[in-house]
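The values are calculated or read from the model by the stated rules, or taken from the named source; none is laboratory data. Predicted model only: the values in this text are computed from it and were never measured. Neighbour counts run over all protein chains shown; Cβ positions are idealised from the backbone, glycine included. In case anyone asks, the SASA skips ligands and DNA or RNA and just uses the protein heavy atoms, side chains included. Shrake-Rupley method; radii C 1.70, N 1.55, O 1.52, S 1.80 Å.
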Amino acid sequence: MIRNFTKIDPDETTYKGDVTNSSVQSSAITTGSGLIRIATTTHAHIKFGSNPTATESDLLMPTNHVEVFSFVSGDKVAFIGHGAGAGEISITAVD
């Protein structure tokens with residue numbers, strides 16, 4: 001049996017935001033492993049960078065989905081709802 005475990009970085013605070021029809025940018029995310037975990041409660045388009053702005057052309061995270069991404073420590077995550085979708089997003093550094 002294969003089990004996948006994600007160790008959340010206890011030294012970093014999880015960023016939580018409201019997903020709306022406007023692009024929102026997280027604070028800078030510090031990760032020693034180069035990985036972040038993103039969870040969504042609604043369809044959300046995401047984009048990474050030093051000063052990103054998300055559009056509906058960017059990567060789509062489905063509703064109630066969790067994914068781990070390779071990430072440059074110190075960058076930010078921008079997110080925007082898909083269509084009229086609204087919900088929450090959680091962004092956490094992985095140890």
Review point. Going through segment 40-75 one residue at a time, which ones are closer than 20 Å to ASP18 by Cβ, charged (D, E, K, R) and in a loop (DSSP other than H, G, I, E, B)?
Key: GLU56, ASP58
Revision key, fill the gap. Exception for THR40 within (1) modelled with pLDDT of 95 or more; (2) open to solvent by 60 Å² or more (accessible area, probe 1.4 Å) falls at (2)
Point to revise | Positions within segment 22-37 being buried (at least 20 other Cβ atoms within 10 Å of the Cβ) and either assigned to a loop (DSSP other than H, G, I, E, B) or in contact (Cβ under 8 Å) with a residue 60 or more places away in the chain (or both), in sequence order | key: SER26, ILE29, THR31
Review point. For segment 69-95, which residues satisfy the criterion of being buried (at least 18 other Cβ atoms within 10 Å of the Cβ), at pLDDT below 95 and closer than 13 Å to GLU12 by Cβ?
Key: THR92, ALA93, VAL94
Review point. What about SER50, is it under 13 Å from the mean Cα position of the chain (by Cα), within 26 Å of PRO10 (Cβ to Cβ), among the small types (Gly, Ala, Ser) and open to solvent by 60 Å² or more (accessible area, probe 1.4 Å)?
Key: no
